[in-house]
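Data first, discussion second: the structure below is written as C-alpha cells.
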Number of protein chains: 2
Amino acid sequence: MKNVLCAKCVRCGREYPATPDTTVCECGGILDICYDYEYIRSHVSREYYARCDEIGMWRYRAFLPVEESTPAPPLRVGASPLYEAPRLASQLSISRLWIKDDGLNPTASLKDRASSLAVAKAMEAGADTIACSSTGNAASSLAGNAAAAGMRTFIFVPSRAPIGKVAQLRIFGATVISVEGSYEDAFRLSAEAIDRYGWYNRNAAINPYLMEGKKTVSFEIAEQLGWNVPDYVAVSVGDGCTIAGVWKGFQDLHAAGLIDRLPRLLSVQAAGCYPINRAARSGAPWEPMPEDTIADSIAVGVPRNPDKAIRAIQNSHGLTIEVTDDEILDAMRLLGRTCGVFGEPAGVTALAGLVKASQNALLPDNASVAVIVTGNGLKDTANGIRAAGEPIHLPPDMTLLEEALKDVM
Amino acid sequence: MKNVLCAKCVRCGREYPATPDTTVCECGGILDICYDYEYIRSHVSREYYARCDEIGMWRYRAFLPVEESTPAPPLRVGASPLYEAPRLASQLSISRLWIKDDGLNPTASLKDRASSLAVAKAMEAGADTIACSSTGNAASSLAGNAAAAGMRTFIFVPSRAPIGKVAQLRIFGATVISVEGSYEDAFRLSAEAIDRYGWYNRNAAINPYLMEGKKTVSFEIAEQLGWNVPDYVAVSVGDGCTIAGVWKGFQDLHAAGLIDRLPRLLSVQAAGCYPINRAARSGAPWEPMPEDTIADSIAVGVPRNPDKAIRAIQNSHGLTIEVTDDEILDAMRLLGRTCGVFGEPAGVTALAGLVKASQNALLPDNASVAVIVTGNGLKDTANGIRAAGEPIHLPPDMTLLEEALKDVM
C-alpha cells in the first residue's frame with residue numbers, strides 16, 4: 001500500500017506495519033492507520049474528482065488502506081444523497097442545513113462503508129469467512145457485502161436486535177447467533193469464537209481498517225458541497241467508530257489540500273447511554289453505563305472504540321448532547337415530514353441532538369450544519385409506528401370516511 | 001412541453017392535449033403520452049449523456065412529460081445500482097445476468113420514479129394535496145416524495161398492507177386510511193374521495209404521467225450497459241403499470257436512436273393472481289382473479305392498467321410465467337445469498353420467474369437477462385424471516401456455541 005505509512009497505537013504511539021490482519025497494539029490500545037499525504041496529494045485533487053466517474057466510496061481509493069490490486073467489493077456502497085433542507089433549517093433557526101441520507105446504502109446503513117472495506121481486507125488476507133458482533137447494522141451490512149463477494153459470515157447479535165436487521169442477516173445467508181444478554185456479551189462470545197475458529201475479524205474496535213471505510217461519508221459530504229465544509233457535522237454516537245471515522249475523513253481531506261478548514265463535531269448520544277459524551281466533557285476516563293434507549297444501534301454501554309471518538313470530539317472543539325427516547329421519536333417524525341427521509345431511532349439521534357442544540361441556543365448565529373442519518377427506519381418499523389401513530393381503520397364507506405376526516409380537513 | 005405531442009387513448013385512438021390534470025379518455029380507455037422524437041433526438045445523444053452530470057431519473061428530463069421550468073422534486077430518485085451477477089448466471093445457465101436493485105430508491109421501491117413525476121405534475125397543476133390508493137409502495141413513495149416537496153397526502157391502503165409500508169406513510173406525515181377489504185375496495189373509496197375533495201390524483205391507472213416516470217428504470221439499465229440492451233428484461237407484474245413503463249422506456253430510447261434493438265419482456269405474476277399474464281397468453285379480454293399471494297405489491301386481481309401491459313408483453317414477443325409463494329420465498333433467499341440484495345416478495349418475483357424459465361429451458365442458449373428488483377425486503381421483514389429462518393438463540397457460552405455450530409462447520 002503505497003499510500004499507507006503504518007498502523008500506530010493511539011495510546012502508546014507504537015508503530016506496526018499495516019498488514020491485512022493487523023488488530024490492536026500489544027498495550028491493548030487501538031491502532032490508527034497513518035497515511036503518506038504527500039503521496040496522496042500527488043495522485044488526487046479537485047480536478048481529479050471533477051473528472052472521476054467512479055460512483056460510490058471506492059472513488060476515494062487514494063485515501064483507503066488497500067492494495068492497488070485489490071478489487072472493490074461488488075455492492076455499490078456510498079454515493080448516498082445529501083439533501084439541503086431549507087424548511088427544516090428555518091424551523092431550527094439554522095442558516096443552512098443538509099441531511100446526508102446514509103440509510104440508502106445497499107443494506108440500509110452507514111456501516112456498509114466499513115463492511116465494504118472489511119471484505120476487501122479479508123480478500124487481501126486470503127480469508128473466506130468473516131465474523132463480527134454487532135447491535136445489528138454492522139452485522140447485516142457485513143453479511144450483505146460478504147454474500148455479494150461469495151464469502152461466508154458468522155454473526156453475533158444481542159437478542160434485542162430488531163427483526164428487520166435479523167431478517168437481513170438470514171436472507172444474506174449468515175449463520176446468526178442471537179446471544180441472550182447485552183452487546184458486551186455478544187462481543188465477548190464473538191471474540192472467543194473468532195480465536196477458536198480463525199475467522200477474519202470485522203469487529204470495528206479491533207480491526208483498524210473499518211473506520212477508514214466510514215470516513216468516506218465525510219469525503220462525500222465535502223465533495224457534494226463543492227469541497228466546502230459545514231460549520232458543524234452532527235453524528236449519532238454508540239461504539240464511537242462512526243464519529244471517529246467522520247473526523248478522520250475531514251482530517252484526511254485537509255491534509256491532502258482538498259478542503260481548507262475542519263468542521264466541529266456535534267456528538268449526540270442517548271440520555272440512557274452516553275459513556276463517550278460523559279468522558280469527552282469531563283476529561284476523565286470513560287466508565288461503562290447501562291444501555292437504556294430505544295436507539296438500539298447506539299445502545300453501547302461499554303464502547304469498544306472510545307479513545308479515537310473522545311479525541312475526535314475534543315480536537316474538533318465539538319459539542320456533546322444527550323437526547324431522550326421521546327426526543328428521538330420526535331426527530332423521526334420531524335425528518336420524515338419535512339424531508340421525506342425515514343431514519344431508524346439511532347439514525348435520527350443526531351438530528352434530535354441538533355433540535356436540542358437549537359432550542360438551547362448552543363450554536364452560533366448563521367451556523368451551517370450537516371446531519372448524518374446513519375440508518376434506515378425500515379429496519380425498525382415498530383418504532384416508526386410508535387413515533388408516528390396508527391392509520392385510520394375504516395370499511396370502504398364514504399360516509400364513514402367523511403366523518404373520520406372531519407378533524408383533519 | 002416542447003417534447004410532448006399529445007395524450008392518446010390506447011383503446012379508441014382519440015387524442016387530447018396533455019395538461020397536468022389529464023386523466024382517462026371519454027371512452028374509459030387509458031391515455032398514452034406521445035412524444036416528438038425528432039425534437040428529443042435534437043437535444044440528447046450518447047455524447048450528451050457521457051457529459052451529463054445530473055444524478056438520478058431527472059437526467060432523462062428530455063424524455064419526461066414536464067414543462068422545462070418545472071423543478072425536479074427534492075428526493076433523489078433513481079440512480080440505483082445495476083449489478084452483474086456471474087455466479088447466479090452460471091447457476092441459472094444464463095450467459096449474462098444483471099440485477100437492477102430499485103429497492104435502493106429513497107422510499108425503497110421503484111414506485112419512487114412514478115411519484116417523483118406525480119409531484120412534479122401536481123406542482124404544475126398548482127395542487128398542494130395529492131391522493132392515491134395503493135397496495136403499499138406507491139403510497140409510501142408518494143408520501144415521501146410529497147413530504148419532501150412540502151405537499152400534503154391522503155393515502156388509501158388495503159388493510160393487508162405490511163407494517164413497514166404503513167410505518168413509512170405515517171412517518172412521512174400522510175393521512176392514512178386503511179380500508180377493510182381488497183385493493184379494489186381501497187381504489188374505489190379513493191376515487192370517490194378524490195372527486196369529493198378535489199385532491200390531485202396519483203392513481204397510476206388514471207394518471208397517464210406516472211408510467212412515464214417508471215420508464216426511467218429502462219433508461220438507466222441501457223445507459224449502465226453502455227447503451228446495450230439485454231435479450232430479456234424480467235419484471236414482476238401486478239397492476240401492469242411497471243411493465244408497461246419498462247417497455248415504453250426501451251421504445252423511447254429506440255425511437256430516439258440511443259439503442260438499436262428492443263428486449264423481450266419476461267412478465268412474471270404470482271400463481272395466485274395472474275389476470276394480465278392469462279390475457280396476454282390467450283389473447284382474450286382480461287378477467288378479474290382472486291388475490292392469493294404473499295407478494296402483496298402485485299396481488300392485484302382487478303388490474304387498473306391492463307391494456308398497456310398486455311400490449312407491451314405481446315409486442316415485445318415476451319414470455320409470461322407464474323410462480324408460487326414458495327418459489328418467491330426461494331428467490332428471496334437465492335438473491336440475498338448470491339448477490340447481497342434483499343428484495344421484498346413482489347420485488348423478487350421477477351427473479352423467481354427467471355429461475356423457473358431456466359429450469360424449464362424456456363430461454364435460448366446464451367440469453368442475457370436483466371432482472372428488476374422492484375422493492376426492498378426491509379418493507380416486509382416477516383416474509384424475510386419466513387424465507388430464511390430464525391437465528392440460533394444462545395446464552396453467551398462457548399461450549400453451547402460449539403455444540404450449535406457442529407452441523408454447519
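The values are calculated or read from the model by the stated rules, or taken from the named source; none is laboratory data. Please read these numbers as outputs of a predicted model, since none were measured by experiment. Every residue, glycine as well, gets a Cβ built from its backbone with ideal geometry; the counts of neighbours run over all protein chains shown. Areas reflect the complete protein model, heavy atoms only, side chains present, ligands, DNA and RNA absent. Shrake-Rupley method; radii C 1.70, N 1.55, O 1.52, S 1.80 Å.
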* **Subset of region B:224-281 [outside any loop (DSSP other than H, G, I, E, B) and of a type in the set (Lys, Arg)]** => B:LYS248, B:ARG264, B:ARG278, B:ARG281
* To do: Tell me which residues, restricted to region A:115-150, are closer than 17 Å to B:LEU405 by Cβ and without any contact (Cβ under 8 Å) to a residue 40 or more places away in the chain.
  => A:ASP128, A:ALA139, A:ALA143
* Give me the pairs: first residue in region A:88-100 and among the aromatic types (Phe, Trp, Tyr), second residue open to solvent by less than 10 Å² (accessible area, probe 1.4 Å), beta-carbon distance under 6 Å, and six or more apart or on different chains, which are they? -> A:TRP98/A:ALA370
* Among residues of region B:282-293, those that are buried (at least 16 other Cβ atoms within 10 Å of the Cβ) and either assigned to a strand (DSSP E or B) or among the aliphatic types (A, V, I, L, M) (or both), counted -> 1
* Any idea how many residues of region B:130-160 are at the interface with another protein chain (Cβ under 10 Å from one of its Cβ atoms) and not aliphatic (A, V, I, L, M)? -> 10
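Within region A:243-298, track down each residue that is aromatic (Phe, Trp, Tyr) and either farther than 28 Å from A:ASP326 by Cβ or out of contact with any strand residue (DSSP E or B) (no Cβ under 9 Å at 6 or more places or on another chain) (or both). So that I can check it myself, show each step before the final result.
Of all residues in region A:243-298, those aromatic (Phe, Trp, Tyr) come to A:247, A:250, A:274, A:286.
Residues satisfying the conditions are A:TRP247, A:PHE250, A:TRP286.
Search region B:386-409 for residues being closer than 19 Å to B:LEU351 by Cβ and open to solvent by less than 30 Å² (accessible area, probe 1.4 Å), and hand back the single one that is farthest from the other protein chains (Cβ to nearest Cβ). It would help to see each step written out before you state the result.
Quick first cut of region B:386-409, residues closer than 19 Å to B:LEU351 by Cβ only: B:386-388.
Pick out the ones that are also open to solvent by less than 30 Å² (accessible area, probe 1.4 Å) and you get B:387-388.
On the way: B:ALA387: 7, B:ALA388: 3 Å.
The selected residue is B:ALA387.
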* Asked: Mind checking which residues of region B:226-246 are surrounded by fewer than 24 Cβ atoms within 10 Å (Cβ to Cβ) and of a type in the set (D, E, K, R)?
  -> B:ASP231
* Structure fact -> Of (1) at the interface with chain B (Cβ under 7 Å from one of its Cβ atoms); (2) farther than 26 Å from B:ARG87 by Cβ; (3) open to solvent by 20 Å² or more (accessible area, probe 1.4 Å), A:LEU189 fails just (3)
* To do: Would you mind finding the one in A:ILE321, A:ILE313 that is at pLDDT 95 or above, assigned to a helix (DSSP H, G or I), hydrophobic (A, V, I, L, M, F, W, C) and within 16 Å of A:ALA234 (Cα to Cα)?
  => A:ILE313
* Asked: Exactly one of (1) closer than 27 Å to A:ALA149 by Cβ; (2) surrounded by fewer than 24 Cβ atoms within 10 Å (Cβ to Cβ); (3) modelled with pLDDT of 95 or more; (4) touching a Ser or Thr at 6+ places or on another chain (Cβ under 9 Å) is unmet by B:GLY340. Its number?
  -> (2)
* Structure fact -> Expected output for region A:164-181 (first residue facing chain B (nearest Cβ under 7 Å), partner surrounded by fewer than 24 Cβ atoms within 10 Å (Cβ to Cβ) and among the polar types (S, T, N, Q), Cβ below 6 Å, 6+ apart or cross-chain) is A:SER178/A:SER159; A:GLU180/A:SER159
* Looking at region B:33-58, which of its residues are open to solvent by 30 Å² or more (accessible area, probe 1.4 Å), in contact (Cβ under 8 Å) with a residue 60 or more places away in the chain and of a type outside the set (Ser, Thr, Tyr)? -> B:ARG41, B:ARG46
* Quick check: is even one residue across region A:158-178 open to solvent by less than 10 Å² (accessible area, probe 1.4 Å), under 26 Å from A:LEU82 (Cα atoms), of a type outside the set (Lys, Arg) and part of a helix (DSSP H, G or I)? -> yes
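Would you point out which residue out of A:LEU258, A:LEU266, A:LEU262 is on the phi < 0 side of the Ramachandran plot, open to solvent by 10 Å² or more (accessible area, probe 1.4 Å), at pLDDT 95 or above and not aromatic (Phe, Trp, Tyr)? Step through it out loud before you land on a result.
On the way: A:LEU258 fails: open to solvent by 10 Å² or more (accessible area, probe 1.4 Å); A:LEU266 fails: open to solvent by 10 Å² or more (accessible area, probe 1.4 Å).
Criteria check complete, one pass: A:LEU262.
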